[in-house]
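Following: one structure in structure tokens, then a few remarks.
Please treat every number below as a calculation from the coordinates, not as lab data. The structure displayed is predicted, hence computed values, not measured ones.
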Amino acid sequence: MLRFKRIYFDANQLLEGGWPRGNLELTNVLCFAGELCIPVFIPEPVERELEERWVHEALDKTKEIRARVQGLSKHCRDIVAVNGSVELPNENELRDAYRVQAKALRDKWGISVSPLTTRSLREVFEMSVSRKQPFKSAKDKNFQDTVIYLSIIDHLRSDTEPEAAAFVTRDGVFQKDTIGSLDTEAGVTIVLYQTLKEIADALKTGLAHKVQLRLEQDRVRACEVLTGMLDEIGKHISKTVTFSDRELFTKILAIKGIENTRIGQILLPFEPGPEPFEFYFDVALDLLVEVKVFRFPVLRPASTDDASASSPLLAMAAAWPNPVIEEARKPRVVTMKAIGAIQDGKFRVVELGFAYEKSWFKSVTEETRSRSNLADILNDPLDSTETTPQET
């Protein structure tokens, strides 16, 4: 189970994720979060930092380009003509372009901007001068980070029942020994993740749990329908399955009937839809049979007056009892293939297919388990437990 129900990002991890374009690593995180219906937020001070860093980095690069062009022009003077005027975007154009791109990425993934804290400058200043965490000394410069963290805390507290949140940041100021217990004192829980990979691994663990839950819900629906078809399934088994003699010295002469049928394991495709699909299920049953039972011979020493005394084999044959015909109840398991479909939100069995006694074939459920593994669904090996991050 996930330890959080919403995600906040710091600037450093969004920039590592290729913001405002978004690289594959960030896309994976946002995709997993969307699948789990976990809201993602960028605190307003983080959004402002992202914009200013991107714009000023772009302006620095335009200055470099102009300087290099001027240097080239000076180097080539009186030798070759160089056009020293280069059309480059100005600050307003860069800022407008960034905002359009950032908004497009936020809209694509449903990312919201959470508001700036409403705490007064006086309150933050008092935290600094009294050296309350995260301010360790009078010269600490953690003002901006403190505003970000307080913005997250206040946003969580704005809900009637605050949810636990994940905060993805590599900034050391947010570690437990620095930020202290600001969140717990405020009555909220913030779990820290330092990298996009850490939060992605946590989300994949939650996604695997959700997939398992969804598969189990589908199995329950299928089991209800199949249970209502037990009579039909029993007749189908009687017509199509040849049962074997499992026990030594026993031979099945006739099958009198099938009783106590019940549905066992069900193997369904992931996210079955309205189009017909194959699935498999096991049926446990009691087989009512007429069997011939061969008894062991009772060996006895031959007497001197016995006609068979000269032949031990004759004595053994004479002691072998006749077979006994009796009725018996034999437990069996049958694996059956079927065609199903989901129509109007309801599971429906379209057709019952071939069936075979499970003991003589490798069960389809065992055979396909590796192919239906949740790790294969996520296309990545999964640990059974979530990587435990630091909780503040």
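Numerical summary
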| quantity | calculated |
| --- | --- |
| Cα-based Kirkwood hydrodynamic radius, segment 6-210, one decimal, Å | 19.3 Å |
| In order through segment 25-42: 3J(HN,Hα) via Karplus (6.51 cos²θ - 1.76 cosθ + 1.60), integer Hz, x for Gly, Pro | 5, 5, 4, 4, 4, 5, 5, 4, 4, x, 5, 8, 6, 9, x, 10, 10, 10 |
| Part-to-part distance (alpha-carbon centres) for segment 41-94 and segment 193-207, which is given in Å | 37 Å |
